[in-house]
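Here the structure comes first, spelled out in C-alpha cells, and everything after it is commentary.
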Amino acid sequence: MNTAEQSPVYIAPANPAGRALAQQLSSQGYLIAGMADNLKQADDIINCASDAQPNARIVVVQGSYTCAVAEGLKKRGFGSKQLFYVTQQNELKRYHQPLAFKLRKTAVWLLTQSFALLRTIVPTTDYLYYAEEFFDSNVLLSYREHRRQYPNEPWLLGRKLKQQISELESDNHHLDGLSLRSLWRCLRAKKLIVDHEYTGETFSLLRRFIPVIQLWHGLPYKALSGNTHYPHICDEAFISSSEWFNQHIFPNIFRAKHYLALGYPRNDAFLQTAEQRDWINTEPLSVLREVQNTTGDLIVYAPTYRDWGDNDYPLDLAELNQWCAEQRVSFLLKFHPFISRKLSDAMGLANHNNLQQLPGLPHIYLYPSGKNVYPWLAEAKALVTDYSSIAYDFLLSGKPILYFQYDIVKYRFLRGKNLVPDKDFIAGVVAQNHTELMNFMMELIVDRSHKPKNQMKIEKKFYTTPTLASKAIINFLR
C-alpha cells in the first residue's frame, strides 16, 4: 500500500453506487473515512469541507450526475485538488470539469436571461404540474381533479420519464419532455405544482421565475434534505396533511412563504368509496375485487427503501403464505422499484407492470412498484411498514398498523437522527424479526377492533377533520 492510500478517502454521493465503490476501494487498501454528500445526513456522512479529516480526498462516483455532485462539493468548501474519480484501471485520478459541462453552463445562462425577458411579456393563464423521472400520485391526482373542474387551465409536464402512463396518451394537456410547446406553457404558467424536490437545471430555472407550490409526498419520520440549503429558494406555499408538522418540522427543512395543511391528494382514497376514487396508474378495481374474493382480505406490506443498498427483507415467504391461507388473507408486497425488480427476477416473473401472484405462493402478491397503491391501501385491513411516511397516511383509515423494524440499529446509525420521536410515530406494535411479525399479525386478525391508545393520540395530534385534499388545493391555487 502506498502513502497516498493512507490518506483518508470519502466517497460521494452517499447512494448505493457510492457505498459499493467504498467497499471496493476499501478492499484495495484505501482508508475509507466515510461518505460525502451535498444533501443526505447521517453519522457516516459529511456535508462540508470543515467536517473532513486533514488531507482528505473525495472520490466522486462516475455517472450522469458526476459533474453536478462535484460542483456541489466545491460550493461546500471542497477544493478542486481534493476531488478524484476512479479510472477503468481502478486508479484514482484528479477530477477536472469537462469542457462540455462548461459549455452547458453557458447555454443555461443564456436560456435563463431569455426566459426572464419573455416572462415579462407573455401573459400567464395556466397552472403547470411538473415531474421528473416519474409522476408521483400527489401531482398526478391533483392535476386530474383540476382538469375535471377546469379543463383548459392545467397542464402536465413530465421530464426524462422512466415510466409512461397509458391513461395519459389521449390527454392533449400532457406534455412529454421539453419542446417549443412545453416551453410556451412554462412561459404562461401562473404556478408550478410539484411533489418532489428536483436538482436538475430545468426545474432550477423554472422555479426562479414561476411561484412553486410544493405538495410534497408524506409526513416524515426519517431525516430529509429539503431545500433550506439553497438560500435563494423560497416557494410560494408548502402543502402537507398536518398542521403540527407545518409548525414544528417542515419550516426547518423547506423554505416557503406559507405552510398549509390542505392534505395529500393520494389520501383522498381513504375518504372515498371505491367507485369515487381516481384509478389512474393503479391496478384496476376489478383486479382488487378478484384478489379479495379469491384469497381474502388485504394486508399491505410497504417498507421504505434502504439507501445503503442492503434491501433484503427477512420474510419467510413459505410460512407467511401458509398462514395467509389458514386465515384467508391476501398479503400484498409494495416495494421500491429496485427491490421489486430484484424480487421479480428472483421469482422468474416476466411482467413488471401488473399485479403478480408469486409462484407457489398464491396468497402473496407483488404490486407493481411504479403504480399508486393507495386505492388498494384504502381497502386493506392492516398495514405492515417500518419507517415510511405511509404509516401516517394510513392513520386516516383508523385500522391497525404493525411496524416491522428488524434493522432499527443500523437504520438509525446510517440515517441519523429522526425528525420525530418514536412516541409520535409508532401507532401500533413493533416486530423485530419474522417470528414476532407472525405473532403480532395473528393478534390483529383475532381482534381487529383493537386500536392502541397511542394510535388515537397520534391521530388526534397530527390530523384535523379529514377533507378531500385535491379540491382544497385547487381552490387555493385559483
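Bear in mind these aren't lab numbers, they're just calculated from the coordinates by the rules spelled out. Since we're looking at a predicted model, the values are computed, not measured. FYI the Cβ positions are ideal-geometry reconstructions off the backbone, even for glycines, and counts take in every protein chain you see.
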Residue span Val287 to Ala49: 0.36 nm per residue of separation minus Cα-Cα distance leaves a gain in nm of 80.4 nm
Counted neighbours (other Cβ, 10 Å), sorted fewest up, put Thr282, Thr385 in the order Thr282, Thr385
If every Lys and Arg gets +1 and every Asp and Glu gets -1 at its Cβ, then about the Cα centre region 3-94 yields a dipole, in debye to the nearest 20, of 300
If amide H atoms are modeled at 1.01 Å from N in the peptide plane, then the residues at a separation of 5 or more from Phe404, or on another chain, having amide H under 5 Å from its own are Thr385, Asp386, Ala431
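Tell me whether region 38-165 comes out rounded, prolate or oblate; compute the Cα gyration tensor, take square roots of the eigenvalues as a ≥ b ≥ c, and use a/c under 1.5 as the rounded threshold.
In terms of gyration-tensor shape, prolate.
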For the table Lys75/Lys410; Lys81/Lys417; Lys191/Lys334; Lys74/Lys102, the rows whose alpha-carbon distance is greater than 26 Å are Lys75/Lys410; Lys81/Lys417; Lys191/Lys334
Rounded to the nearest whole number, the Stokes-Einstein translational diffusion coefficient of region 3-94 at 20 °C and 1.002 mPa s (Kirkwood radius, C-alpha pairs) in µm²/s is 168
Among the DSSP H helices of the chain, those whose Cα atoms extend at least 24 Å along the helix axis and whose mean Kyte-Doolittle hydropathy is 0.5 or higher are 99-119
Looks like region 274-465, by Cα gyration tensor root eigenvalues a ≥ b ≥ c and the a/c under 1.5 rounded cutoff (else prolate when a/b is bigger than b/c, oblate otherwise), is rounded
With label points set 7 Å from each Cα along the Cα-to-Cβ direction at Leu110 and Thr124, the distance between them in nm comes to 2.7
Of all DSSP beta bridges with both partners in the chain, the antiparallel percent, nearest 5, is 10
The simple spin-label model distance between Val430 and Phe338, using points 7 Å out along Cα→Cβ, in nm, is 2.5
Rounded to the nearest Å, the spacing of the alpha-carbon centers of region 118-196 and region 259-312 is 24
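Let me spell out the model: positive unit charges on the Cβ of Lys and Arg, negative unit charges on the Cβ of Asp and Glu, origin at the Cα centre of region 333-444. What dipole size does that give, in debye rounded to 20?
Dipole about the Cα centre, nearest 20: 280 debye.
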Highest mean packing first, using Cβ neighbours within 10 angstrom, the peptides 246-255, 111-120, 131-140 sort as 131-140, 246-255, 111-120
Candidates for Kirkwood radius over Cα pairs in Å are [x] 23.6; [y] 24.3; [z] 26.5, and the calculated one carries label [y]
Per the charge dipole of the chain (beta-carbon charges, Lys/Arg positive, Asp/Glu negative, Cα centre), the residue among Leu83, Tyr221, Leu332 reaching farthest to the positive end is Leu83
Relative contact order of the chain (C-alpha contacts under 8 Å, at least 6 apart) in percent is 13
Calculated from DSSP helices alone, with each H run of at least 4 adding -39500 (n - 2.57) and the total divided by the residues of the chain, [θ]222 nm to the nearest 500 comes to -10000 deg cm²/dmol
Among Leu317, Ser27, Gln41, the residue whose Cα sits farthest towards the positive end of the charge dipole of the chain, when +1 is placed on the Cβ of each Lys and Arg and -1 on the Cβ of each Asp and Glu, is Gln41
With the dipole of the chain defined by +1 on each Lys or Arg Cβ and -1 on each Asp or Glu Cβ, the option from Leu103, Ser242, Val291 whose Cα lies farthest towards the positive pole is Leu103
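Order 61-71, 6-16 from most to least packed using the mean count of other Cβ atoms within 10 Å. Walk me through the numbers on the way to the answer.
Numbers: 61-71: 16.7, 6-16: 21.5.
Top to bottom by mean Cβ count within 10 Å: 6-16, 61-71.
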Distance in Å, no decimals, from the C-alpha centre of region 1-70 to the one of region 403-448 is 32
Simple spin-label estimate for Glu133/Ser64, 7 Å along Cα→Cβ, in nm, reads 1.0
With the label point 7 Å along the Cα-to-beta-carbon line of Asn252 and a cut-off under 13 Å to each amide N, the hits in region 28-71 are none
